[in-house]
1. Using the structure shown, decide if residue 56 is touching an Asp or Glu at 6+ places or on another chain (Cβ under 8 Å), of a type outside the set (Gly, Ala, Ser) and closer than 30 Å to residue 26 by Cα.
2. When you go through (1) within 18 Å of residue 9 (Cα to Cα); (2) not in a helix (DSSP H, G or I) one by one for residue 55, which number turns out not to apply?
3. Between a first residue in the range 34-63 that is surrounded by fewer than 18 Cβ atoms within 10 Å (Cβ to Cβ) and a second residue that is part of a helix (DSSP H, G or I) and among the aromatic types (Phe, Trp, Tyr), which pairs have beta carbons less than 7 Å apart while being 6 or more apart in sequence or on different chains?
4. Residue 125 passes all but one of (1) over 16 Å from the mean Cα position of the chain (by Cα); (2) buried (at least 17 other Cβ atoms within 10 Å of the Cβ); (3) within 20 Å of residue 3 (Cα to Cα); (4) not charged (D, E, K, R); which number fails?
5. Suppose we keep only residues that are over 28 Å from residue 106 (Cα atoms) and assigned to a helix (DSSP H, G or I) within the range 59-76. Which one would you say is modelled with the highest pLDDT?
6. Give me the pairs, please: first residue somewhere in the range 77-92 and under 9 Å from residue 110 (Cα atoms) and open to solvent by 60 Å² or more (accessible area, probe 1.4 Å), second residue anywhere and modelled with pLDDT of 90 or more and acidic (Asp, Glu), beta-carbon distance under 7 Å, and either six or more positions apart or on two chains.
7. Exactly one of (1) without any contact (Cβ under 8 Å) to a residue 24 or more places away in the chain; (2) within 13 Å of the chain's Cα centre (by Cα) is unmet by residue 109. Its number?
8. Say we look at the range 2-33 and pick out the residues that are at negative phi and not in a helix (DSSP H, G or I); which of these is surrounded by the most Cβ atoms within 10 Å (Cβ to Cβ)?
Amino acid sequence: MKKEFLFYAVVSALALAVDVTILYLATVRLAMPGYLAAALAYAVGLAVHYVLSVRYVFAYRRMAFQRRTEIMVYALTGFVGILLSAAIVYAGDSLGQPLAMSKLAAISVSFVAVFMIRKATLFSADKNAAKEAA
(Lines give C-alpha, C1' and ligand atoms only; values in the text may rest on other atoms or scores of the structure.)
Protein backbone atom coordinates (compact mmCIF):
# COMPACT_ATOMS: atom_id res chain seq x y z
CA MET A 1 0.00 0.00 0.00
CA LYS A 2 2.82 2.44 0.83
CA LYS A 3 4.51 1.73 -2.51
CA GLU A 4 1.24 2.31 -4.35
CA PHE A 5 0.70 5.58 -2.50
CA LEU A 6 4.23 6.77 -3.34
CA PHE A 7 3.87 5.83 -7.01
CA TYR A 8 0.42 7.45 -7.04
CA ALA A 9 2.02 10.68 -5.79
CA VAL A 10 4.65 10.54 -8.54
CA VAL A 11 1.98 9.87 -11.19
CA SER A 12 -0.06 12.77 -9.81
CA ALA A 13 2.92 15.11 -10.11
CA LEU A 14 3.53 14.01 -13.70
CA ALA A 15 -0.14 14.45 -14.61
CA LEU A 16 -0.12 17.90 -13.03
CA ALA A 17 2.95 18.83 -15.10
CA VAL A 18 1.10 17.74 -18.25
CA ASP A 19 -2.00 19.68 -17.16
CA VAL A 20 -0.03 22.90 -16.56
CA THR A 21 1.92 22.50 -19.81
CA ILE A 22 -1.25 22.01 -21.86
CA LEU A 23 -2.85 24.99 -20.10
CA TYR A 24 0.15 27.17 -20.95
CA LEU A 25 0.40 26.02 -24.57
CA ALA A 26 -3.33 26.34 -25.18
CA THR A 27 -3.60 29.85 -23.72
CA VAL A 28 -0.26 31.39 -24.73
CA ARG A 29 0.49 29.64 -28.01
CA LEU A 30 -3.01 28.95 -29.31
CA ALA A 31 -4.78 31.94 -27.70
CA MET A 32 -7.53 29.64 -26.42
CA PRO A 33 -9.85 31.13 -23.78
CA GLY A 34 -8.72 30.22 -20.27
CA TYR A 35 -11.80 28.23 -19.32
CA LEU A 36 -11.55 26.05 -22.45
CA ALA A 37 -7.82 25.62 -22.01
CA ALA A 38 -8.33 24.65 -18.36
CA ALA A 39 -10.96 22.04 -19.31
CA LEU A 40 -8.73 20.61 -22.05
CA ALA A 41 -5.69 20.58 -19.76
CA TYR A 42 -7.61 18.89 -16.96
CA ALA A 43 -8.97 16.22 -19.33
CA VAL A 44 -5.53 15.46 -20.75
CA GLY A 45 -4.01 15.41 -17.25
CA LEU A 46 -6.75 13.03 -16.09
CA ALA A 47 -6.11 10.74 -19.07
CA VAL A 48 -2.38 10.71 -18.35
CA HIS A 49 -3.07 9.99 -14.68
CA TYR A 50 -5.38 7.11 -15.55
CA VAL A 51 -2.97 5.49 -18.03
CA LEU A 52 0.03 5.78 -15.69
CA SER A 53 -1.98 4.60 -12.68
CA VAL A 54 -3.26 1.44 -14.30
CA ARG A 55 0.15 0.70 -15.78
CA TYR A 56 2.51 1.55 -12.91
CA VAL A 57 0.63 2.15 -9.66
CA PHE A 58 -2.08 -0.42 -9.06
CA ALA A 59 -1.38 -4.14 -9.38
CA TYR A 60 -5.02 -5.23 -9.42
CA ARG A 61 -7.82 -3.81 -11.56
CA ARG A 62 -11.31 -4.80 -10.50
CA MET A 63 -12.81 -3.63 -13.83
CA ALA A 64 -9.95 -4.52 -16.19
CA PHE A 65 -12.33 -6.04 -18.71
CA GLN A 66 -14.81 -3.18 -18.45
CA ARG A 67 -12.50 -0.38 -19.55
CA ARG A 68 -15.21 2.20 -20.33
CA THR A 69 -16.81 1.70 -16.94
CA GLU A 70 -13.42 1.82 -15.26
CA ILE A 71 -12.56 5.12 -17.00
CA MET A 72 -15.94 6.62 -16.08
CA VAL A 73 -15.57 5.64 -12.42
CA TYR A 74 -12.00 6.95 -12.43
CA ALA A 75 -13.18 10.29 -13.82
CA LEU A 76 -16.06 10.44 -11.33
CA THR A 77 -13.67 9.92 -8.44
CA GLY A 78 -11.68 12.87 -9.79
CA PHE A 79 -14.88 14.90 -9.72
CA VAL A 80 -15.38 13.90 -6.09
CA GLY A 81 -11.91 15.31 -5.44
CA ILE A 82 -12.86 18.58 -7.12
CA LEU A 83 -16.03 18.88 -5.01
CA LEU A 84 -14.15 18.06 -1.83
CA SER A 85 -11.46 20.59 -2.66
CA ALA A 86 -14.01 23.30 -3.42
CA ALA A 87 -15.87 22.58 -0.17
CA ILE A 88 -12.68 22.83 1.89
CA VAL A 89 -11.64 26.10 0.24
CA TYR A 90 -15.18 27.46 0.74
CA ALA A 91 -15.11 26.47 4.42
CA GLY A 92 -11.71 28.06 4.89
CA ASP A 93 -12.88 31.24 3.20
CA SER A 94 -15.99 31.30 5.40
CA LEU A 95 -13.75 31.02 8.46
CA GLY A 96 -11.50 33.85 7.24
CA GLN A 97 -8.52 31.62 6.47
CA PRO A 98 -6.01 32.73 3.81
CA LEU A 99 -6.70 31.13 0.43
CA ALA A 100 -3.26 29.50 0.30
CA MET A 101 -3.86 27.74 3.63
CA SER A 102 -7.28 26.52 2.56
CA LYS A 103 -5.96 25.32 -0.78
CA LEU A 104 -3.09 23.45 0.89
CA ALA A 105 -5.57 21.69 3.17
CA ALA A 106 -7.81 20.95 0.18
CA ILE A 107 -4.95 19.46 -1.82
CA SER A 108 -3.89 17.23 1.03
CA VAL A 109 -7.35 15.98 1.97
CA SER A 110 -8.61 15.49 -1.58
CA PHE A 111 -5.41 13.73 -2.68
CA VAL A 112 -5.63 11.15 0.09
CA ALA A 113 -9.42 10.80 -0.22
CA VAL A 114 -9.35 10.22 -3.98
CA PHE A 115 -6.50 7.71 -3.63
CA MET A 116 -8.49 5.78 -1.02
CA ILE A 117 -11.70 5.88 -3.06
CA ARG A 118 -9.94 4.72 -6.21
CA LYS A 119 -8.08 2.00 -4.34
CA ALA A 120 -11.30 0.75 -2.74
CA THR A 121 -13.58 0.95 -5.77
CA LEU A 122 -11.32 0.19 -8.71
CA PHE A 123 -8.00 -1.28 -7.67
CA SER A 124 -8.53 -3.87 -4.96
CA ALA A 125 -9.59 -7.48 -5.07
CA ASP A 126 -11.08 -7.36 -1.58
CA LYS A 127 -14.57 -5.95 -1.10
CA ASN A 128 -13.44 -4.74 2.34
CA ALA A 129 -10.74 -2.58 0.74
CA ALA A 130 -12.22 0.65 2.04
CA LYS A 131 -11.35 -0.47 5.56
CA GLU A 132 -7.83 -1.44 4.45
CA ALA A 133 -7.27 1.81 2.54
CA ALA A 134 -8.11 3.81 5.65
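1. So residue 56 fails the test.
2. The single condition residue 55 does not satisfy is (2).
3. 56/7
4. That leaves (2) as the condition not met.
5. Applying the filter and picking the extreme gives 68.
6. Every condition considered, no pair remains.
7. Failed condition: (1).
8. Keep residues of the range 2-33 that are at negative phi, which gives 2-30, 32-33.
Remaining after also requiring not in a helix (DSSP H, G or I): 30, 32-33.
Working: 30: 10, 32: 18, 33: 10.
Looking at residues that are at negative phi and not in a helix (DSSP H, G or I), I get 32.
The values are calculated or read from the model by the stated rules, or taken from the named source; none is laboratory data. Computed from a predicted structure; not experimentally measured. Backbone-built Cβ (ideal geometry, glycine too); neighbour counts: all protein chains shown. Heads up: the accessible areas ignore ligands, DNA and RNA and are worked out on the full protein's heavy atoms, side chains in. Shrake-Rupley method; radii C 1.70, N 1.55, O 1.52, S 1.80 Å.
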